[in-house]
Amino acid sequence: ACTGIENIDEAITLLEQNNWDLVAAINGVIPQENGILQSEYGVETLHGPAYGPSSHSAAASSAPSSSSAFRHVVPSRQIVERQPRMLDFRVEYRDRNVDVVLEDSSSVGEIKHILENELQIPASKMLLKGWKTGDVDDSTVLKSLHLPKNNSLYVLTPDLPPPSSSHSGALQESLNQNFMLIVTHREVQREYNLNFSGSSTIQEVKRNVYDLTSIPVRHQLWEGWPSSATDDSMTLAVSGLTFPCHRLTVGRRSSPVQTREQSEEQCTDVHMVSDSDGDDFEDATEFGVDDGEMFGVASSALRKSPMMPENAENEGDALLQFTAEFSSRYGDCHPVYFIGSLEAAFQEAFYGKARDRKLLAIYLHHDESVLTNVFCSQMLCAESIVSYLSQNFITWAWDMTKEANRARFLTMCTRHFGSVVAQTIRTQKTDQFPLFLIIMGKRSSNEVLNVIQGNTTVDELMMRLMAAMEIFSAQQQEDIKDEDEREARENVKREQDEAYRISLEADRAKREAQEREMAEQFRLEQIRKEQEEEREAIRLSLEQSLPPEPKEESTESVSKLRIRTPSGEFFERRFLASSKLQVVFDFVASKGYPWEEYKLLGTFPRRDVTQLDPNKSLLEVKLYPQETLFLEAKE
């Protein structure tokens with residue numbers, strides 16, 4: 001806030017190069033006419049020209065000890081060259097621990113490559129867990145995760161068979177178990193029952209307790225952790241907690257007593273904090289003190305634009321500006337505001353399926369209220385509140401600072417909730433804002449379950465949200481039951497209609513199939529008749545074209561042929577020995593056995609007469625003076 005540095009990497013670099021001395025780091029980047037040097041005796045203010053190498057040497061020579069009187073200060077933020085930052089990782093896999101040291105410019109994939117060589121496990125089979133920011137991919141650069149110097153990770157290999165060791169199996173089982181932590185808040189004598197998976201880290205537990213107790217992690221004083229829980233990055237499964245239930249106690253760490261010398265130190269140009277009141281400086285935001293106020297700047301001066309434009313024609317555009325301005329003031333960890341009109345928010349929350357319906361939370365903002373900054377930064381942006389709202393509520397917001405926007409919302413409120421609710425909001429004083437309205441949709445109307453004022457705590461806000469959720473859940477279960485019964489009736493009717501339709505389709509298909517079958521039979525019968533008629537015509541034609549049968553007493557050479565049919569019948573006929581073989585074929589065809597379908601076989605020797613030249617005479621093919629032949633159908 002006082003240096004204007006927003007890049008966390010640059011800030012960490014400055015702190016590291018000044019041995020994590022906050023005063024020295026700030027002194028290196030702010031204008032030196034207002035600069036500060038911290039000596040071992042207190043805080044001194046330097047007035048004069050910009051602090052450079054020459055002035056540094058002069059100051060050092062005048063000090064009692066050139067090595068200890070003043071700490072080295074980086075002269076200018078523009079000449080800082082960032083040295084590579086080394087990160088230490090302790091990776092746990094089954095019964096092994098592997099230490100990995102890498103620069104923060106390395107990627108997650110490089111860690112896996114080192115582990116592949118150490119553990120003899122393919123990198124593609126590894127799942128690297130334990131990141132405080134959630135799961136990451138192999139291309140993620142370590143610097144972008146803003147990790148501490150020492151980190152603890154663990155490897156899972158679900159695609160590989162488990163080892164025979166019972167220890168590894170027990171570890172995997174512990175990671176999948178849920179631990180019940182009973183946390184007692186010492187100052188208020190209140191217990192919280194918290195469920196965490198075995199893969200959760202101790203740091204995640206402490207952050208969740210911060211949301212419940214408003215005690216920052218750095219000020220939490222714990223009792224009950226096992227002696228093996230030495231690192232906040234350890235998972236609960238390996239920390240030694242009692243399963244399934246473990247008791248812990250947390251309280252606020254008391255600040256050290258301020259010394260007289262430190263209390264007498266004054267700084268007129270820049271607000272500085274001595275070692276004794278460092279905790280108060282860190283806790284300033286916990287008591288609603290804005291960053292601008294901490295450095296002598298009124299918070300209202302930092303707000304350059306209103307939360308919402310006055311007389312905005314489109315509610316969606318107004319909500320877009322509201323969300324952007326809210327993020328710029330209070331950070332990106334805030335409820336997801338619904339972008340659209342209030343009617344659209346009703347439609348989204350109340351008019352879907354019963355299982356998908358949610359409560360509607362309306363946040364009414366007011367910039368002139370003294371409670372707004374504390375409520376937004378400490379309550380509305382708490383991770384537990386943001387998570388609970390995102391899971392169970394549709395959150396819609398409106399700015400009541402401008403009179404025109406206030407009147408517009410009261411008109412919408414009267415239309416949707418009635419004049420009583422509108423009058424309740426109208427009578428709220430400025431210092432009672434911001435307001436949080438919890439709305440539940442019913443069959444015929446919308447009911448306001450709760451109106452939460454800004455003078456509340458995280459615990460109270462969460463309890464009231466949960467109380468509203470209990471009422472809504474009971475109503476939702478009734479709606480789900482009614483909707484299921486209605487859907488069951490509709491399903492039965494649909495099934496009956498579908499069965500009737502299928503029956504009609506089956507009858508029609510059966511009828512059409514019968515009609516097609518009859519048509520096909522008729523067609524085949526017609527073809528068969530035509531073929532028979534055609535064959536009969538050919539047979540008659542051949543029969544008429546045959547030469548007359550010679551008589552037995554004929555003087556010419558006569559061949560007598562006896563032909564056996566496939567059915568066992570015989571027929572005989574005399575032919576002139578000089579007649580061509582084709583005449584025999586025609587005779588056989590005239591009896592209904594065309595030579596295209598039947599072959600005429602001789603007996604001794606067995607031969608296929610239909611393969612002989614039909615233009616040769618019977619005498620030439622040795623069918624004289626008599627021969628017995630038989631007909632056989634061709635394949």
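The values are calculated or read from the model by the stated rules, or taken from the named source; none is laboratory data. This is a predicted model, so every value here is computed, not measured. Virtual Cβ from ideal backbone geometry, glycine too; neighbours counted across all protein chains shown. Heavy atoms of the whole protein, side chains included, go into the accessibility calculation; ligands, DNA and RNA do not. Shrake-Rupley method; radii C 1.70, N 1.55, O 1.52, S 1.80 Å.
Which stretch or stretches of segment 118-159 have amide N atoms under 18 Å from the point lying 7 Å from ASN97's Cα along the Cα→Cβ direction? Taking a point 7 Å out along Cα→Cβ of ASN97, the residues of segment 118-159 whose backbone N falls under 18 Å are 118-119, 129-131, 149-156. When segment 515-569 is described by a simple charge dipole with +1 on each Lys and Arg Cβ and -1 on each Asp and Glu Cβ, the residue from SER541, ALA519, THR555 located farthest towards its positive end is THR555.
Using 0.36 nm per residue and subtracting the Cα-Cα separation, the extra length available between HIS146 and ASP356 on full extension is 71.9 nm. Ranked from largest to smallest solvent-accessible area, with a 1.4 Å probe on the protein heavy atoms, TRP396, TRP222, TRP20 come out as TRP20, TRP222, TRP396. Dipole magnitude for segment 492-634: about 420 debye, using +1 per Lys or Arg Cβ and -1 per Asp or Glu Cβ, origin at the Cα centre.
Comparing Cα centroids, segment 444-509 and segment 548-620 end up 93 angstrom apart. Surface calculation, 1.4 Å probe, protein heavy atoms: LEU542 sits at approximately 40 Å² accessible. Distance distribution note for segment 419-535: the fraction of Cα pairs above 17 angstrom is 76%. Charge tally for PHE350 (other residues, Cβ to Cβ under 9 Å; Lys, Arg +1; Asp, Glu -1): +2. Relative to the Cα centre, the charge distribution of segment 336-441, modelled as +1 at Lys and Arg Cβ and -1 at Asp and Glu Cβ, gives a dipole magnitude of about 380 debye.
Each residue was assigned an accessible area with a 1.4 Å probe, and for ARG426 the value is about 100 Å².
For SER197, nonlocal amide neighbours, meaning residues 5 or more places apart or on other chains whose placed amide H falls under 5 Å from its own, are PHE179.
Count the net charge of all other residues whose Cβ sits under 11 Å from the Cβ of ALA589, scoring Lys and Arg as +1 and Asp and Glu as -1. So the environment of ALA589 carries a net charge of -1.
Here ASN195 and GLU368 are evaluated by their C-beta separation; at R0 = 45 Å the FRET efficiency comes out at 0.60. Think of segment 352-469 as having a plus end and a minus end, set by charges on the Cβ of Lys, Arg, Asp and Glu; of THR456, ALA422, ILE385, ALA422 sits farthest toward the positive end of this dipole.
Can you give the log10 of the normalised intensity I(q)/I(0) at q = 0.13, 0.14, 0.19 Å⁻¹, computed with Debye over equal Cα scatterers of segment 319-481? Calculated log10 I(q)/I(0) at the listed q: -0.58, -0.68, -1.33. Within the straight-line cut-off of under 28 Å between alpha carbons, the lysines reachable from LYS429 are LYS304, LYS402, sequence neighbours fewer than 8 places apart in one chain being disregarded. Computed over protein heavy atoms with a 1.4 angstrom probe, the accessible surface ordering of SER617, SER199, largest first, is SER199, SER617.
Rounded to the nearest 20 debye, the dipole magnitude of segment 86-156 is 200 debye, with +1 charges on Lys and Arg beta carbons, -1 on Asp and Glu beta carbons, and the Cα centre as origin. Go ahead and collect, in residue order, the members of segment 87-114 whose backbone nitrogen is under 15 Å from a label point 7 Å along the Cα-Cβ direction of ASN7. The answer is 105.
Based on protein heavy atoms only, segment 173-252 ends up with 47 Å² per residue of surface accessible to a 1.4 Å probe. Annotation: aspartates and glutamates with alpha-carbon distance below 19 angstrom to LYS616 (same-chain offsets under eight excluded): GLU549, GLU556, ASP586, GLU596, ASP608, GLU627.
For LYS493, go through the lysines and keep the ones whose alpha-carbon is under 23 Å away, minus same-chain ones fewer than eight residues off. Within reach: LYS353, LYS481.
Computing FRET efficiency as 1/(1 + (r/R0)^6) for SER328 and ALA506, where r is the C-beta to C-beta distance and R0 is 56 Å, gives about 0.25.
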